[in-house]
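Here the structure comes first, spelled out in structure tokens, and everything after it is commentary.
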Amino acid sequence: MARPRRDRQEEEDAADAEGVELTDPLDGYRPLRLPGPRSTLQPEWIEVLARAVAEGDTLREAAARVGATEGALGQWLQRGKTHADEGRTDDYTRLYVEVEYARTSFQRWLRKTGDKLAAGTKASTAWWKWRLTVSDPKNYSVPAGGPGGTGAAGFIALTPDDAVRIVEEKLQRFLRDHAEREALAAPPPAPDSGGGDAAP
């Protein structure tokens, strides 16, 4: 039986995938064996949390590494920011400074990697753009209206009734435009060849 031919895109994807080393998702996983989430910041967790963020973990993922919740980590960071604004120094301010530095370090790495990929001809920068958006949505997300507020990019939430109304409006506009194009493309009416008013 003949082997089916692959198209060029499939061949390029297969060639790209050959250089990708897939890892075991259980590498590095150890059960925490905790009775519940931890809620009090411990000084030894600061570097663990910062390193997790520097490696690209979200705050939720970083918090899970020490058995805490994303909410608890968010509170610790907010407390650190407040204390830093007040001129105080403690474990919370240290955590805040370390995590902010880790975030910027990871984002800098993402931007540099994206720049290198953009200079190449085969690589796609879509993943890096997405990752920047996930790591810092405040600074890297496109608003729902698009870059110029034109509505050309992004997503908005719609109710089913709004969706039906929008589709109906677009259909009416399409049918109206199509009728106008048909009218313009139709040959003009034939001129009267009688030269004057013809008697009935």
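The values are calculated or read from the model by the stated rules, or taken from the named source; none is laboratory data. What you see is a predicted model; the values in this text were computed from it and never measured. Here the Cβ positions follow ideal geometry from the backbone for every residue, glycine too, while neighbour counts run over all protein chains shown.
Here are the numbers for this structure:
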quantity	calculated
Subset tally (residues that are modelled with pLDDT of 55 or more and either in contact with a Cys (Cβ under 9 Å, 6 or more places away or on another chain) or not in a helix (DSSP H, G or I) (or both)) for region 1-43	25
Of residues in region 44-83 being without any contact (Cβ under 8 Å) to a residue 12 or more places away in the chain and not in a helix (DSSP H, G or I), the one surrounded by the fewest Cβ atoms within 10 Å (Cβ to Cβ)	Glu44
Set Ala62, Ala84: member being hydrophobic (A, V, I, L, M, F, W, C) and within 26 Å of Gly28 (Cβ to Cβ)	Ala62
Residue satisfying all of: in region 113-151; hydroxyl-bearing (Ser, Thr, Tyr) and modelled with pLDDT of 75 or more; nearest to Val53 (Cα to Cα) among these	Ser135
Selected residue [within 30 Å of Val53 (Cβ to Cβ), at pLDDT 75 or above and touching a His at 6+ places or on another chain (Cβ under 8 Å)] from Thr104, Thr89	Thr89
Residue check for Ala163: at negative phi, loosely packed, with under 10 Cβ neighbours inside 10 Å, part of a helix (DSSP H, G or I) and modelled with pLDDT of 80 or more	no
Single condition Gly154 does not satisfy, out of (1) surrounded by 10 or more Cβ atoms within 10 Å (Cβ to Cβ); (2) at pLDDT 70 or above	(2)
